[in-house]
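The values are calculated or read from the model by the stated rules, or taken from the named source; none is laboratory data. Because the structure is a prediction, the values reported are computed rather than measured. With ideal geometry, Cβ positions are generated from the backbone for all residues, glycine too; neighbour counts draw on all protein chains shown. Accessible surface is based on the protein model in full, side chains and every heavy atom, while ligands, DNA and RNA are left aside. Shrake-Rupley method; radii C 1.70, N 1.55, O 1.52, S 1.80 Å.
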There are 2 protein chains.
Amino acid sequence: VETAEISSNHIRPLGQLHESFIIAADDEGLLLIDQHVAHERILFDKFRRSEGERQIESQNLLLPETLDLTPAQLAAFALVEDELAAIGFGVMRLSGRTIAVKSIPTDLPAAETRNVLAEILDSIDAEKRGGAKTTIRDDIAASLACRAAVKINMKLTPEKMQWLIDRLLLTSSPTTCPHGRPVILRLTMRDIERGFHRS
Amino acid sequence: VETAEISSNHIRPLGQLHESFIIAADDEGLLLIDQHVAHERILFDKFRRSEGERQIESQNLLLPETLDLTPAQLAAFALVEDELAAIGFGVMRLSGRTIAVKSIPTDLPAAETRNVLAEILDSIDAEKRGGAKTTIRDDIAASLACRAAVKINMKLTPEKMQWLIDRLLLTSSPTTCPHGRPVILRLTMRDIERGFHRS
């Protein structure tokens, strides 16, 4: 099993393995796609692009979510407030260390709001504060993509599998996720025929 | 990709790769099944068993097929006439070196009649005539199984894929075909998770 190079876009899902991996076929053989990291890659690219293009897709929460931040989180928040707004978070400061989240990026499940914000604010440590803005933006987009992506052990419809494959192929790097893990493994017809002693 | 050990019979076909290999899933991971050799194994076991049990399944041809044999083929025919009858061939000797085939094993497509008989008779060479009857019977059953089995590059319905898998698991040796080639290759969840850096 090798990390895949994508050279064909006629990829057709056959089904899902253990509700975690999409099994697909193209002209060159069999593909295994990690559904979580595939979706992560799609969302990461979308969040980075929408920031650049200032096309914010945001959904209002039915009730604003209030979070009591630690002093470190509050300091981090002051630093990334603009980046959070650019990616689709509508956040208001209340008194003390409390913030109210009124809207979130459309792709993020509402239930993930607290977790992803805590994760983002905790990841802005002293070292990164001195770093480049793009690194911080990448980190925020990666955290958000990870929380918003479909999980493993989740059943997908054939339509959703095809959607994930089609969108994945449009991304900047379909074969690796934002954290560098492989998204697609490939078994070529040559590998398979050799395995069956047909070559 | 490794030759598979079968330890679970909850094998579910996901689809067909290049109309030649069945892609299936079970509790332990992904299976690739060579549709031709899988069917060969099923038919080989059936032919060997039906001989033993004298349960001949034969179909009448609409028109008897006449074959003009070479002297060598005629000599071979005299030697394996009983074995051919036991496996489902209804053959009558006509004058000279001509034979008429009136019925054939049910699993054999009628169009394969001439080819498979020529193949069987040509394979009974001087060396084998001195050999054991069981070797000759195995050779006949293997030739017949090969000709009667679904080919590669042939589209299968999901029902036919499930039928092949279910029958294959009932055979004496589901993982290798009568000629010793692998029938099933397996990718375990461990292999797959390792490939995706998930373990």
Checklist entry - Listed here are the pairs A:151/B:160; A:155/B:151; A:102/A:133; which of them are more than 30 Å apart at the Cα? => result A:151/B:160; A:155/B:151
Checklist entry - Using Cα atoms only, what is the angle between the long axis of helix B:133-148 and the major principal axis of chain B, expressed in degrees (0 to 90) to the nearest 10? => result 70
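Among the trypsin sites (Lys or Arg not before Pro) in region B:37-110, which ones are in a DSSP loop with at most 11 other Cβ atoms within 10 Å of the Cβ? Mind listing them?
Working: sites: B:41, B:46, B:48, B:49, B:54, B:93, B:97, B:102; in loops: B:54, B:97.
Listed in order of number, the matching sites are B:54.
If you take the accessible area of A alone, add that of B alone, and subtract the area of the pair, what total do you get in Å², probe 1.4 Å, to the nearest 100?
Numbers: alone 10890 and 10900 Å², together 19090 Å².
In total, chains A and B hide about 2700 Å² from solvent.
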Item to check | Computed over region B:31-115: relative contact order in percent, which uses C-alpha pairs under 8 Å that are six or more apart | outcome: 34
Item to check | Calculated from backbone phi, Karplus (6.51, -1.76, 1.60) coupling profile of region B:33-42 in Hz, x at Gly/Pro | outcome: 10, 6, 4, 5, 6, 4, 5, 4, 4, 4
Checklist entry - Can you give the accessible area of residue B:146 in Å² (nearest 10), computed on protein heavy atoms with a 1.4 Å probe? => result 50
Checklist entry - Could you give, in nm with one decimal, how far residue B:152 is from each other copy of that position, shortest first, with labels 7 Å out from Cα toward Cβ? => result 3.1
Checklist outcome for this item: Taking placed amide H atoms and a strict 5 Å upper bound, the residues 5 or more places from residue A:88 or on another chain that come that close are none
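With all protein chains present, how much of the accessible area of the protein assembly as shown (probe radius 1.4 Å) comes from carbon and sulfur, to the nearest whole percent? Walk me through the intermediate numbers first.
Values: 9490 of 19090 Å².
The nonpolar share, carbon plus sulfur, comes to 50 percent.
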Checklist entry - Under the Kirkwood approximation for Rh and a Cα-based Rg, what ratio Rg/Rh is obtained for region A:47-180? => result 0.98
Item to check | Listed residue (B:172, B:134, B:149) projecting farthest to the positive dipole end of region B:30-178, Cβ model | outcome: B:149
Item to check | Gyration tensor (alpha-carbon) shape descriptor, the protein assembly as shown, a/c threshold 1.5 | outcome: prolate
Checklist outcome for this item: For chain B, the longest principal axis of the Cα atoms and the Cα long axis of helix B:71-87 enclose an angle in degrees, to the nearest 10, of 60
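Treating only the Cβ atoms of Lys and Arg (+1) and Asp and Glu (-1) as charged, compute the dipole magnitude of chain A about its Cα centre; round to the nearest 20 debye. Intermediate results must be reported in sequence, preceding the final value.
Numbers: 24 positive and 29 negative charges, 28 e Å.
Approximately 140 debye in magnitude.
With +1 on each Lys and Arg Cβ and -1 on each Asp and Glu Cβ, and nothing else charged, work out how big the dipole of the protein assembly as shown is about its Cα centre, in Debye to the nearest 20.
Working: 48 positive and 58 negative charges, 45 e Å.
It works out to roughly 220 debye.
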Checklist entry - For chains B and A related by rotation, which residue of B has the Cβ nearest the axis, and what is the rounded distance in Å? => result B:14, 2
Item to check | For region B:112-199, size of Cβ-based charge dipole, Lys and Arg +1, Asp and Glu -1, in debye | outcome: 280
Checklist entry - GluC sites (Glu not before Pro), restricted to region B:14-63: which are DSSP loop and have at most 13 other Cβ atoms within 10 Å? => result B:19, B:57
Checklist entry - If the label for residue B:122 sits 7 angstrom from Cα along the Cα-to-Cβ line, what are its distances to the same label in every other copy, in nm to one decimal, shortest first? => result 7.3
Next on the checklist: Distances in nm, one decimal, shortest first, from residue B:98 to the same residue in every other copy, taking the label point 7 angstrom along Cα→Cβ.
Outcome noted: 10.5
